Amino acid sequence: MKRSINFKQVLVYFLAFLIVLYVMAPYCWLVLSSLSTKADLLTTPLKWIPPHITFDNYKAILFGGNDSTSDAGSQFISALKNSFIISIVVTALALFLGILAAYALARLNFRGRKPAILTVLLVQMIPPIALIVPLYIIMSKASLMNNKYSLIIIYLSFVLPFVIWIMKSYLANIPAEIEEAARIDGCSKLRAFLTIILPISLSGLAATTIFAFIMSWNEFFYALNFTTTLASKTLPVVITEFSSKHGADYIMTSTGGVIASLPPVLLAFFFQRYILSGLTNGAVKG
Amino acid sequence: MTQKVLKRITNAMDSDKKLGYLLIFPSLLVILGVMLYPFLYSLNMSFSKMDFANRTMNYIGLDNYIRMFKDSYFINSLRLTGYFTIVTVIAEISLGIAIALVLNQKFKFRGFVRGIMILPWALPSVVNAIMWKWIYNPNYGALNALLTQMHIIGEYRDWLGEPSSALHAMIFANVWKETPYVVLLVLAALSNISGDLYESAKIDGANAWQAFWKVTLPIVKPVIVVLAIMKSIWAIQTFELPYILTGGGPGGGTELLSFYIYKATFKFLDFGMGASMAYMITLVTFVLSLLYIKFLSKDGEIV
């Protein structure tokens, strides 16, 4: 009997090891590539632990290095800035507008509430490819092409419904009695929401903020079609260009890829608890 | 006087109806303006012949739709997308359940192993695509190095140079990124199963395999159905992988629908057919969404 328990334990550890390897190996290879010298990376047979670890690639991409990379470097920095500005503005706007709407849809009773909820859910399913040409026409008529504003507005259109949807499910879970108690004390509905309900749904708020940021940060399709100059190109666009235009420089692409992945990956790691609750709330419960 | 006005505003703010409309108005404005209006606009486009230079649109009825079904490239991408979607969703869900079952066992570092599941989920799809493009590289790629060093293949191969292996390389890259999401949701569902259920199954003489089918699966089934629908919606819209990893090639072998529509629209400037094809995707995702809504609202009020 004892033997079989041991065997099961060994099996679990072995499988867990395989899982870790499967999940981590591809990304670790990307990180290792970004820390390697070109000569080491292009040898066969390939060495899995690079003999020389270097941060030169990071220096080159962030501060401009030799002639061949300085162009890439300046592009990268401006894309990094654009990505941050756009993601932060979109997140802030979507949270502000979305929380109010979510409160209305979760806690208030008015005509048109159900159709509004349905709209919020269904518009999330519209494929971006079905919107891109009309948006293109609208943005060029409004002279917003090649401009951070156009991306901010467009991102808002898919981040906002998501924020509403997920915040609504959080707010709906808060017992009505809490709000009623505040109302008896003479609070208006909005005030009860802002001072009582919102503070206790802080974990939902945290999850929603992170989701909104990651969604905007990772977006590629709209960015690809709405940005053509440094003024508005975001990181995903510039990294994709690294992998195609600059003679497929895999070290620079890896370096850029690692940097671009850091904000969402670190956020996800540090706020894991919130993200898990957000995933289960938004995706399954609805 | 001011007090009276303020009071009236406060009263208005306290009526569910007025406050409700006030609060959803800004969001609805954005959603209607930036999504619904373009959405209807492109419906119009799908029934028109569009001249971008002269800004004219002529109504031509179902022509674009008829042309679309006669387009062999479209049929090809439809077939590929169907295959891609079915294979990735089945692989993600079965692999996801398997990993979740392992991570549901008690072992040291379990928290850490569960923790790293978030990595592929958080990774930008663009980074996922360039990462796999580098791993699959025909001359210096890690996959070639690994397989030759393990003596599984004799010489380096061009994984993305042949339609079938390119498509499956793309499927693998997508499964890698999307599976952890399944793991996390299935784990959450598994944590709701009490140990008592397994105990009583054991007493009834069930082995581990039977316990999985009779106890575990029925409880995680709702999550799996929801995941299958959502994952299908996302898989159908996959764009980054064909765009970055393969460019749709070789020979159109990885030209998924989103990518082909993108090409038809921006390369061939066939806006009408681009729109009608986009509406095909939309139709499929809407049918899936309705299933999703129906499924969600079955147990409890959702909408």
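For chain B, averaging the sequence separation of C-alpha pairs within contact (under 8 Å, six or more residues apart) and dividing by the residue count gives a relative contact order of 25 percent. Over the Cα atoms of the range B:63-298, the radius of gyration divided by the Kirkwood radius equals 1.04; this is the Rg/Rh ratio.
Computed 3J(HN,Hα) for the range B:260-270, one whole-Hz value per residue from the Karplus formula 6.51 cos²θ - 1.76 cosθ + 1.60 where θ = phi - 60°, is 5, 4, 4, 5, 4, 6, 9, 9, 8, 6, 8, glycine and proline marked x. Using every pair of distinct Cα positions in the protein assembly as shown, the Kirkwood expression returns a hydrodynamic radius of 26.0 angstrom. Listed values for the range A:43-52 are Karplus-derived 3J(HN,Hα) couplings in whole Hz (6.51 cos²θ - 1.76 cosθ + 1.60, θ = phi - 60°), namely 8, 10, x, 5, 8, 6, 9, x, x, 10, and x replaces Gly and Pro.
Using the Kirkwood radius over C-alpha pairs as Rh, can you work out the diffusion coefficient of the range A:1-54 via Stokes-Einstein at 10 °C, viscosity 1.306 mPa s, in µm² per second? The diffusion coefficient I find is 117 µm²/s.
Counting, for every residue in B:36-43, the Cβ atoms of other protein chains within 10 Å of its Cβ and taking the mean gives 6. Excluding the sites themselves, what is the longest stretch of chain B that contains no GluC sites (Glu not before Pro) in a DSSP loop with at most 13 other C-beta atoms within 10 Å? With GluC sites (Glu not before Pro) excluded where exposed in loops, chain B gives B:1-154 as its longest stretch.
Taking amide H as placed 1.01 Å from N in the peptide plane, the amide H of B:S48 sits under 5 Å from that of B:I60, each at least 5 places away or on another chain.
Global dimensions of the range B:35-178 from alpha-carbon coordinates: Rg and Dmax equal 22.1, 68 Å.
What number does chain A give for Rg over Rh if you use C-alpha atoms and the Kirkwood radius?
1.07
Between B:L29 and B:S297, the FRET efficiency estimated from the beta carbon spacing at R0 = 30 angstrom works out to 0.65.
What's the local net charge at B:L95, with K and R +1, D and E -1, over the other residues with C-beta under 15 Å away?
Local net charge: 0.
Relative to the longest principal axis of the Cα atoms of chain A, the long axis of helix A:132-141 lies at roughly 80 degrees. Couplings 3J(HN,Hα) of the range A:223-228, computed from phi: 4, 4, 8, 10, 10, 10 Hz, in residue order, whole Hz [Karplus 6.51 cos²θ - 1.76 cosθ + 1.60, θ = phi - 60°; x for Gly and Pro].
The range B:148-209 has equivalent-ellipsoid semi-axes of 42, 17, 10 Å, by the square roots of 5 times the alpha carbon gyration tensor eigenvalues, sorted largest first.
Using the Cα gyration tensor of the range B:144-277, with a ≥ b ≥ c the square roots of its eigenvalues, what is the shape: rounded (a/c below 1.5), prolate (a/b larger than b/c) or oblate (neither)? Note, shape of the range B:144-277 comes out oblate. May I ask for the longest run of chain A untouched by trypsin sites (Lys or Arg not before Pro) that are loop-located per DSSP and have at most 16 neighbouring C-beta atoms (other than their own) within 10 Å? Here the longest run is A:112-244.
The lysines whose alpha-carbon is closer than 22 Å to the alpha-carbon of A:K8, local same-chain residues fewer than 8 away aside, are B:K106, B:K108, B:K202, B:K214. Other residues whose C-beta falls under 12 angstrom from the C-beta of A:I196 contribute a net charge of 0, scoring Lys and Arg +1 and Asp and Glu -1. Counting only DSSP H runs of at least 4 residues, each contributing -39500 (n - 2.57), and dividing by the residue count of the protein assembly as shown, the helix-based mean residue ellipticity at 222 nm comes to -23000 deg cm²/dmol. Given +1 at the Cβ of Lys and Arg, -1 at the Cβ of Asp and Glu and no other charges, the dipole of the protein assembly as shown around its Cα centre is 1300 debye to the nearest 20.
Each peptide in B:279-285, A:100-106 gets a packing score, the mean of other Cβ atoms within 10 Å over its residues, and the list from highest to lowest is A:100-106, B:279-285. Mean per-residue shielding of peptide B:130-141 is 5, counting Cβ atoms of other chains within 10 Å of each Cβ. Charged neighbours of A:S83, selected by a Cβ distance under 12 Å, balance to +2 (K, R count +1; D, E count -1). The spacing between the range B:225-283 and the range A:128-158, judged by their C-alpha centroids, is 20 Å.
Remark: mean inter-chain Cβ contacts per residue of A:213-223 equal 3, using a 10 Å Cβ-Cβ cutoff to other protein chain atoms. For chain A, modelled as a GNM whose springs connect Cα atoms under 10 angstrom apart, the maximal fluctuation among A:Y250, A:Y13, A:Y274 occurs at A:Y13. Annotation for B:L146 and A:F96: the two label points, set 7 Å from Cα along the Cα-Cβ direction, are 4.7 nm apart. Here the Gaussian network model covers chain B, with springs between Cα atoms less than 10 Å apart; of B:L123, B:L190, B:L23, B:L23 fluctuates the most.
Throughout, read-outs are computed from the coordinates displayed, never taken from laboratory work. This is a predicted model, so every value here is computed, not measured. Methodologically, a virtual Cβ is constructed for each residue, glycine included, from the backbone with ideal geometry; neighbour enumeration extends over all protein chains shown.
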